[in-house]
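Okay, structure first, notes after.
The values are calculated or read from the model by the stated rules, or taken from the named source; none is laboratory data. Here the structure is a predicted model, which is why all the values come from computation and not from measurement. Every residue, glycine as well, gets a Cβ built from its backbone with ideal geometry; the counts of neighbours run over all protein chains shown.
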Amino acid sequence: MAHVHEITVWTRGVVKDKEGRDVAQALAQAADKEGKYVQAFDNYVDLPDRVNVPVRKYARISDQEIEMRYDYENERPEVVVVVDATMVKGVNVLRGMAQGGVLVVNTDRKPEDILKFVPNKELLKAVACVDADGIAGTATVDFSGTEGGVDAVGLGAGIAAPLLGAVARATGLVTLDSLAEVVKNAPALRRGYDEVMVHSLN
Amino acid sequence: MFNIPKEREVPFAGVTPAPVGEQPMMITGNWRTFRPVIDHELCNLCMNCVVYCPDGCWRLDEAEEQVVWNAKYCKGCLVCVNECTTEALNKAHELDFEDGVVRLEKLF
């Protein structure tokens, strides 16, 4: 089986739930447009229907068919996206990561301020900080698209758009053009791509 | 704790033992984005924060004659900041503080 790029998105229940799901879904849909094999799904164990609870969303991208049956969590994430920066204090977000991963954080603070709370930061190849709240405004609090419901708002209308731009710049897993096809707020996507601060480590 | 074999472990919300004092299987400190900060000079010990906190994260330390905050379980709902009568409580962003790191080794 070919290498599967695993992307884990950490977000907060209800208030930023849709934003986290949008990041995972849009990455998968953009890679799908490039002809890759993709999966995107929520974590059911986290019980996301409580305000502010830490929840995970997953995406997988591969050049060949993904043969991970009955694997409902990304055990070895290659890219970790943190939608709310305070989560680095509450959760070991890099758990399971192999050497050379990438961390993307939504924050207006410096990477050092974030990394001092990451216990296993030597695993990281790069850390990227983008002020998604400042670029796209407040998060869209919306339940559309939840548990198979129709998504009336569309992918990437809120802070997910600049975060996706940051992921594209920091990892190169998907191109900006294919993301722009699936994301609703394309100007915010491009601003996130331009304004993200990527710091290489090691 | 119950003596459950590893392969029969139930995830959170299935079964947790009744807490005696603190509930070690449901630590909620990592839900917090903002935290209440107390100015003991302004506090007149009206006990509103102790009464209104939904999770009992404020308690009165009778020896020190001041209220004490529990960082391990405070979810940052800021009800106490709303209910404070003397404006001794204010909200502050969690990343401004080095302390208050609350991690569950196994999430749920």
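Any residue that is within 30 Å of A:D113 (Cα to Cα), in contact with a Gly (Cβ under 9 Å, 6 or more places away or on another chain) and touching a residue at least 60 places away in the same chain (Cβ under 8 Å) - is there at least one of those in the range B:85-96? Yes. For A:N106, are the conditions met, namely being polar (S, T, N, Q), within 18 Å of A:V183 (Cβ to Cβ) and within 14 Å of another protein chain (Cβ to nearest Cβ)? Judged against the criteria, A:N106 is a match.
Quick one: is A:V81 buried (at least 21 other Cβ atoms within 10 Å of the Cβ) and either more than 29 Å from A:E181 (Cα to Cα) or within 14 Å of chain B (Cβ to nearest Cβ) (or both)? Taking the combined requirement at face value, the residue does not satisfy it. A:A2 meets all of the listed conditions (1) closer than 30 Å to A:G90 by Cα; (2) assigned to a loop (DSSP other than H, G, I, E, B); (3) more than 14 Å from every other protein chain (Cβ to nearest Cβ) but one, namely (1).
When A:G154 is tested against (1) on the phi < 0 side of the Ramachandran plot; (2) surrounded by fewer than 20 Cβ atoms within 10 Å (Cβ to Cβ), exactly one condition is not met: (1). Taking the numbered list (1) closer than 12 Å to A:W10 by Cα; (2) surrounded by fewer than 23 Cβ atoms within 10 Å (Cβ to Cβ) in turn, A:D63 passes all entries but (1). Considering B:K72, B:K106, the condition of being surrounded by fewer than 18 Cβ atoms within 10 Å (Cβ to Cβ), within 14 Å of another protein chain (Cβ to nearest Cβ), modelled with pLDDT under 95 and within 11 Å of the chain's Cα centre (by Cα) is satisfied by B:K72 alone.
Filter the range A:29-55 down to the residues that are closer than 9 Å to A:V174 by Cβ and either of a type in the set (S, T, N, Q) or without any contact (Cβ under 8 Å) to a residue 40 or more places away in the chain (or both) and list them by number. Once the filter is applied, which keeps residues that are closer than 9 Å to A:V174 by Cβ and either of a type in the set (S, T, N, Q) or without any contact (Cβ under 8 Å) to a residue 40 or more places away in the chain (or both), the range A:29-55 yields only A:K36. B:F97 meets the stated requirement of being loosely packed, with under 15 Cβ neighbours inside 10 Å and either within 13 Å of another protein chain (Cβ to nearest Cβ) or more than 30 Å from A:Y44 (Cβ to Cβ) (or both).
Among the numbered conditions (1) in contact with a helix residue (DSSP H, G or I) (Cβ under 9 Å, 6 or more places away or on another chain); (2) buried (at least 16 other Cβ atoms within 10 Å of the Cβ); (3) free of Cβ contacts under 8 Å to residues at least 40 places away in the same chain, the only one that A:R95 does not meet is (1). Only one of the numbered conditions (1) among the acidic types (D, E); (2) under 23 Å from A:P162 (Cβ atoms); (3) within 16 Å of the chain's Cα centre (by Cα) is not met by A:E75, and that is (2).
Within the range A:22-51, the set of residues being within 16 Å of A:K184 (Cβ to Cβ) and either buried (at least 24 other Cβ atoms within 10 Å of the Cβ) or at pLDDT below 90 (or both) comprises A:D22, A:V23, A:A24, A:Q25, A:A26, A:L27, A:A30.
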